[in-house]
Amino acid sequence: MFFEECRALPLVSLTLALPVGAALDPPGKDGLTRVTARMLRRGCRGMTSAEVEARIDALGAEVSVDVSQSSVSINFDVIERSLDDLVDLLVRMLAEPTFDERELGRLLRESEGELIEARDNDRSLAVRHFRRAFFEGHPYGRRTAGQLATLRTISRDDVVAHFPRMLARHGAHVAIAGSVSEARARALADRLVEALPDGGGPAPAIVAPSPRPGRRLVFVDKPERTQTQIIIGARGVHPREPSFWPLVLGTTVFGGTFTSRLMREVRSKRGWSYGASARVGYDRQPDALTVWTFPAAKDAAACIALELGLLDTWRDKGVTARELAFVRRYLVRSHAFEIDTAHKRVGLPLEVALLDLPPTHHSAFVEHVRGVTLESVQAAVAAHAPHRDLLIAVVGTHADIGSAVRDAIPNLADASVVPFDSE
Amino acid sequence: MTSPTKRREGGRAALAAALSEGQAPGARVEHVGRVAFGPAMTIEHYRLGNGLTVLVSVDASAPVLSYHTWFAVGSRHEKPGKTGLAHLFEHLMFNETENLPAGTFDRKLEEAGAESNAATWLDWTFYHANVPRESLGLVVRLEAERMARLVLRDPQVSSEKEVVANERRYRVDDDVEGAVSELLYKTAFTEHAYGWPTIGWMADIEGFTTDDCAAFYRTYYAPNNATLVVVGDVKERDLLAKIQKAYGAVQPGALPVEDVHPEPPQTSERLVTVTKTTVTDKLAIGYQGPAFGDVDHVPLSLLSEILFGGRSSRVHRALVQEAELATEVRGWVSTYRDAGLYEMHAVARPGHTSAELLEALDREIERVVAAPVDEAELAKVKARFELALVQGLETASGKAEQMGFFFTVLGDPSGAFARLEACRRVTVSDLLRVARRWLRPRSRSVVVVHPEPAQVAS
C-alpha cells in the first residue's frame, strides 16, 4: 500500500491498481480487459447497475476506471465521511460482480458507439493510427477500447474467465491519500485486496517492441479538414536504459517547453501551429519518442519539412551547454508541481510498481536530472532522434495535400492512405 | 461588494499602514478585510492606491505558490467587427516588454520552474503562474512589467494572429463540438455580446491591426481593472512589499462605461439545422438561463445535475442506458455575469437521429416541470456538488482560480463556499420552481446537426 495523510480537505483518493492491462487481451478479443473492468460498476450481488451508480453518487464519490496496455486502475475520490460506506460498496463490487448478460450487451453497444464517435476527434485519430502502424503486431499497437469487430466477439463467458486473470489478489496495489489515518487506510486496503479473487502474481511479460525500419507515412484521410494533425515518431527509450535521462533532457530542449526549439520555430516565428511539443513515452517497455504539431492544411507539408530539418540538426549537432543548463534548471525546479499534493505523491511510487521502473525513478528525479552530462545528451540524441527509421502520421484531406505531404518527406520507404472511418 | 463574512483585522491594518509610510499615493496599501475561505482558510483582501486589488491566502502545505492576475475584460467588451480581440491580446501578453525582449518572459518563468498560462472568456481574462516559493520576486516583477510596459509591434501581432487562426481551426472549424457551441450562442443571443465567440470570427482575427491591440491594452490593462490572487507558501509582508514596489507606480486607467445590450426575453423557439463533417447526429439546446449571481443559479445547477450529472442521472439513464439513443449527454448552466444559457448537448448513436434525442430529452424535461424530484435525488446531487468543490481545491492553483473567478464575476472571493451553503439550503420546491421558470420551450434555441450524407456511420 502507498499512503499519505493530508488533512487539508475532507477528501480521500483511493486507487486500486493491477499490473495487468490490455496487452493481456486474448487474440481477436481486443477491448476485453477494458470491458471487464467497466463491468465492475454494472451490478453486484443484490444491486443492479443503476443502484450501484446511484449509491456512488449518493456517497459523494467519483469513480473512474483507467485501462492502459500494462495496468488497470480503479480510482475513487470520496468525501471523507463516506469513506467506509464507499469501501463497503467496493468490496461488494469486487467480490461479487454479477456480470449480468443484459448489462454486458448494453456496455458493448455503448462501447461501439464510443468508438464510432471517436472518429470526430482528429487528435485521437492521429494518435490511434500512429500507434497502430508504429507498433504493428505488438500489443502497444492495439486499441485498449478494442475495435468494432473484436467487441462483437466478446461474450459473458469471456468476461467471467478474464476477471480473475485481471483482478487477482497477488500483484494488487492500493494507493490512498487524503484525510484518513494510516491505520484506517491500511485496514481499508486490506479489505479491498481480500475481496479480489485469489491468485495472480508477477505481471505478465511484454516483449520489447521492434518497429519496422525505414521512413513511413500513414495518411489518415478525412474530408474537409482545414487543419492537420501530425505526429512524427521513432523508438523511445525505457527508464531502465542508461540513455533515458539524457534523452529526456535532450527532448526537453527540442520540444518540451514553451520556449523550446520546436515551439520557437513552428509557433513563435511562423505562427503555423497553436501547439508543438515532443516527449519520450514509456510503459513497461520502451514506447515512442514523438513530436506533435497541428498546422493549417496549407502549411502541413512545409511544417513537416521544417520538423524533419530541425530533427536532423538536433541529431547532428546535439544541444548546447547553455540549453542543457536551462532545461536542467526547468526540470529540477518544476518538479515541485509533480509532488504538490498527497494524491500526486502516492501516484509516483504506484507508477514505479506498475511499470516495473527503477526504484529511484521518481524519488531521485532531481538527482537523475542533475547527473546528466552534455556528452551523454549528445550521445542519446544522436542515437535516438527520429531520423532514418521513423513514422509520420497525418490526419488531413488527402486530395488536398496528400502529394505535397509525401513530397516533403525525403527517402520515404512506404506510404499508405487510411480512411478515417476504417476502424 | 463586501461579503457577509468579511471583517477588518487590526494586525493587517497596522501592517498596511506601516507598509504605506513614505510611499507615493498609488503604492499605498489598504487592508480591506479578511474573508473566510471555507472552514480552514482565510483570504486577506488588500487594495493599492492605484486601485489594484490583492487577495492573499497563505498555504504552506507545499513549497510553491500560485500567482494569478485577473482582468475584468473579456469578449463581452468587444465590438462587432473586432471580435476575438480580448483573446488575441491574451496571446500578445507573452511577448516583448520595454525591459524584456521577445521570448524572455516565458524563458525566465520556465527557468524558475514555473507552470504558466492564461485564459480568456466572456467576462474575464486571467494569467497564472505556479512557481516554487523562491521565485516570488521574479513572478511579481514579470507580471507587473507586462501589465504596464508591454511593447506591441507588427511582426509579433501578425505571427500571433496566425497562431490564433490555427487555434480557431483546432477548437471550432475542424471540431464539430466547438462549431455547434458557437452556433448555439450565435442563435440564442441576438443583442448581447455573449452571442459572438471569445476566439472571434475568422475574418475579424485576420483583420486586427497593431493599433487595435494597443488601444485595447491602454483601455483595459490597468491596475484598477485587475485583481492579483496569491495562494501558497508566502510571507504576507514580503509579498505586499514586492507588489508595492513593482506595481505602485502603475497609473490607474479611465475605464470606459460598458456599452451593454441586455438580451431581450425570447418569445419563440429558434431552430437551426446544419450538416457537418461528423459521423452521427448531434443536438444542442440552449434555454435562456440565469446570471451566475441570480438566486436561481444554484437550484437550476442542482436540477441540471439531476438530469445530467453522472451515470445515475435521469437523462443518462433514459437516453444512454435504457433507450440506447445517445453516446453522450451533458448539461451545464453557464456561469456568466449576465444572464446566460442552460446548455444541453446530446450525441446520437449510429442509426438514431436528433429528432429522437429531442423527443426523449423533452420527456425528461417535462417530468421535472410536472412533478417534484425525490428527496433522495436532491441529496445525491448535493453530495456531488460538495465533492466537485473540494476536488477543485487540492492545489494552490485550484484555490487561486476559485478566488479570482468568484471575485471577478461576483465580487466575493469566497463565493465558492457561499454557493455550497446555498446548495445546502435548496429544497425540492426550489427545483420545481426553477424548472417551471427556466425550462420553457419558447425561450430555447435548438441546433440540430446531421452528418454529410457520405459520412453517416453504420
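The values are calculated or read from the model by the stated rules, or taken from the named source; none is laboratory data. Bear in mind the structure is a predicted one, so any value in this text is a computation, not a measurement. Please note: Cβ atoms are built from the backbone with ideal geometry, for glycine as well, and neighbour counts cover all protein chains shown. Areas reflect the complete protein model, heavy atoms only, side chains present, ligands, DNA and RNA absent. Shrake-Rupley method; radii C 1.70, N 1.55, O 1.52, S 1.80 Å.
Among the residues making up the stretch B:43-68, a single one is modelled with pLDDT of 95 or more, within 14 Å of another protein chain (Cβ to nearest Cβ) and surrounded by fewer than 21 Cβ atoms within 10 Å (Cβ to Cβ): B:58. Restricted to the stretch A:240-253, and to residues there that are closer than 16 Å to residue A:288 by Cβ and open to solvent by less than 10 Å² (accessible area, probe 1.4 Å), the residue that is farthest from the chain's Cα centre (by Cα) is A:250.
Determine, yes or no, whether residue A:193 is assigned to a helix (DSSP H, G or I), over 30 Å from residue A:61 (Cβ atoms) and aliphatic (A, V, I, L, M). When the stated conditions are applied, residue A:193 does not pass them.
Tallying residues that are open to solvent by 50 Å² or more (accessible area, probe 1.4 Å), at the interface with chain B (Cβ under 8 Å from one of its Cβ atoms) and of a type in the set (D, E, K, R) within the stretch A:326-350 yields 2. Within the stretch A:203-229, restricting attention to residues that are touching a helix residue (DSSP H, G or I) at 6+ places or on another chain (Cβ under 6 Å) and outside any loop (DSSP other than H, G, I, E, B), the residue that is most open to solvent (accessible area, probe 1.4 Å) is A:221.
Of note, residue B:355 does not satisfy the criterion of being at the interface with another protein chain (Cβ under 10 Å from one of its Cβ atoms), in contact with a strand residue (DSSP E or B) (Cβ under 9 Å, 6 or more places away or on another chain), part of a helix (DSSP H, G or I) and of a type in the set (A, V, I, L, M, F, W, C).
Kindly indicate the residue of the stretch B:287-313 that is surrounded by fewer than 19 Cβ atoms within 10 Å (Cβ to Cβ), of a type in the set (D, E, K, R) and in contact (Cβ under 8 Å) with a residue 24 or more places away in the chain and also nearest to residue B:74 (Cα to Cα) among those meeting that condition. Out of the qualifying residues, it is B:294.
Hey, which of the helices (runs of 4 or more DSSP H) in the stretch A:313-423, taking only ones fully inside, have at least 1 residues that are out of contact with any strand residue (DSSP E or B) (no Cβ under 8 Å at 6 or more places or on another chain) and under 30 Å from residue A:116 (Cβ atoms)? Hits in the stretch A:313-423: A:398-407. Note on the stretch A:22-58: residues that are touching a residue at least 12 places away in the same chain (Cβ under 8 Å) and under 19 Å from residue A:76 (Cβ atoms) total 16. Condition first: in contact (Cβ under 8 Å) with a residue 60 or more places away in the chain, part of a loop (DSSP other than H, G, I, E, B) and either closer than 14 Å to residue A:71 by Cα or not assigned by TED's automatic domain parsing to the domain that holds residue A:6 (or both). Can you find one or more residues in the stretch A:169-188 that meet it? Scanning the stretch A:169-188 turns up at least one residue that is in contact (Cβ under 8 Å) with a residue 60 or more places away in the chain, part of a loop (DSSP other than H, G, I, E, B) and either closer than 14 Å to residue A:71 by Cα or not assigned by TED's automatic domain parsing to the domain that holds residue A:6 (or both).
Please specify each residue of the stretch A:71-97 satisfying the condition of being surrounded by fewer than 17 Cβ atoms within 10 Å (Cβ to Cβ), touching a residue at least 40 places away in the same chain (Cβ under 8 Å) and away from chain B (no Cβ under 11 Å). Within the stretch A:71-97, A:84, A:95, A:96 meet the criteria.
The residue that is most open to solvent (accessible area, probe 1.4 Å), counting only those in the stretch A:264-308 that are assigned to a helix (DSSP H, G or I), within 9 Å of another protein chain (Cβ to nearest Cβ) and over 17 Å from residue A:409 (Cβ atoms), is A:269. Using the structure shown, decide if residue B:148 is out of contact with any helix residue (DSSP H, G or I) (no Cβ under 7 Å at 6 or more places or on another chain), surrounded by 22 or more Cβ atoms within 10 Å (Cβ to Cβ) and not assigned by TED's automatic domain parsing to the domain that holds residue B:332. Against the criterion (out of contact with any helix residue (DSSP H, G or I) (no Cβ under 7 Å at 6 or more places or on another chain), surrounded by 22 or more Cβ atoms within 10 Å (Cβ to Cβ) and not assigned by TED's automatic domain parsing to the domain that holds residue B:332), residue B:148 does not qualify.
Within the stretch B:90-116, the set of residues being closer than 30 Å to residue B:335 by Cα and within 9 Å of chain A (Cβ to nearest Cβ) comprises B:94, B:114, B:115, B:116. A count restricted to the stretch A:117-127 and to residues that are within 7 Å of chain B (Cβ to nearest Cβ) and touching a residue at least 60 places away in the same chain (Cβ under 8 Å) stands at 2. Filtering the stretch A:1-30 to residues that are part of a loop (DSSP other than H, G, I, E, B), in contact with a strand residue (DSSP E or B) (Cβ under 9 Å, 6 or more places away or on another chain) and open to solvent by less than 10 Å² (accessible area, probe 1.4 Å) leaves only A:21.
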